Amino acid sequence: MRTPVIITGRNTKGMAVLIILMLMSGLVFSVLWQGSTAVVSHMNIRHIIVIDAGHGGYDPGAITSQGLYEKEINLQMAKRVGELLKPSGIEVILTRDEDIDYVPDGTRGRQTKKQADLNYRISLAKQANADAFVSLHLNATVGGLNSGAETFYHNQSAEGKRLAEIIQEELVKVPGMNRRIAKPGDFYIIKNTPMPAVIVELGYISNSKERAKLQQAWYQDQLAHSVAKGIARYFEMP
Ligand SMILES: [Zn+2]
């Protein structure tokens, strides 16, 4: 497996160094190997989570007069949550990791396009046999007074409700967050996803204070930690 090394007779010092290096790499290899088997034995049950960055491509989501697009922060947040979950052994699937949509060429009509895009994301989760689906969004209202994160589940899904409640419980621990509770919502994506599915509205970009925070790395990290912790808790992982 290692590439053969040709050692000339004269260079005995170099040879000694090479032998030491080879011994060390073998040691490192065996440590890694033991490490990975240890991890595998902890993960008898493999959990698969789909993290969906809401909107993308042709669909910007909410837009502010400052030129902020919801789809951009959703994507940054999905990547952050995914990165945080990976070491836990939970398998993370992002519905998108760039600014794209899933509307087939030639699709006409606002509603038809939106539904085609969402259907594709749902089919990704089905194909992956995902255990849960978390769609990340930002809220916006006229007036800009509302603030805070809120999580929605479909009222036909008891497990969706449990997932939403746990994530919301973690989100309200973010310093300065108001104390909303998880709510039922009749949204297409959580209604049509066969596995437990929630929509997390991470905050209001219509609120100037929250908008400023939502664009900052330290605040995105706090939110991402909460969502990741909620997902890990849902799967009953430490
Ligand atoms: Zn949205």
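The numbers here are math on the coordinates, done by the rules we state, and not lab data. This is a predicted model, so every value here is computed, not measured. Here the Cβ positions follow ideal geometry from the backbone for every residue, glycine too, while neighbour counts run over all protein chains shown.
Look at where the Cα atoms of segment 179-238 and of segment 100-156 average out, and the two centres are 13 Å apart. The GluC sites (Glu not before Pro) of segment 69-156 that meet both conditions, a loop assignment by DSSP and at most 11 other Cβ atoms within 10 Å of the site Cβ, are GLU98. Annotation: amide H of ALA130 has no partner in the under-5 Å range at sequence separation 5 or more or interchain, hydrogens built in the peptide plane. Close amide H partners of ILE100, meaning residues 5 or more places away or on another chain with modelled amide H under 5 Å apart, are GLY57.
Evaluating 6.51 cos²θ - 1.76 cosθ + 1.60 at θ = phi - 60° for every residue in segment 127-144, the Karplus couplings come out as 4, 6, 6, 5, 8, 7, 9, 10, 9, 9, 9, 10, 8, 8, 9, 6, x, x Hz, glycine and proline recorded as x. Remark: segment 217-226, residue by residue, has Karplus-estimated 3J(HN,Hα) of 4, 5, 6, 4, 4, 4, 5, 4, 4, 5 Hz, where x stands for each Gly or Pro and the curve is 6.51 cos²θ - 1.76 cosθ + 1.60 at θ = phi - 60°. Anything over 19 Å Cα to Cα? Flag those among LYS86/LYS191; LYS71/LYS113; LYS71/LYS114; LYS191/LYS229, in the order listed. The pairs that break the limit, which is 19 Å between Cα atoms, are LYS86/LYS191; LYS191/LYS229. Scanning residues 5 or more positions from ASN139 or on other chains, those with amide H under 5 Å from its amide H are LEU202, GLY203, TYR204, ILE205, with H placed 1.01 Å from N in the peptide plane. Here LYS173 is the anchor, and the aspartates and glutamates within straight C-alpha reach of less than 14 Å, apart from those fewer than 8 places off in the same chain, are GLU150, GLU165, ASP221. Working note: Karplus 6.51/-1.76/1.60 with θ = phi - 60° gives segment 88-96 the couplings 6, x, 6, 7, 10, 10, 8, 5, 8 Hz, where Gly and Pro are set to x.
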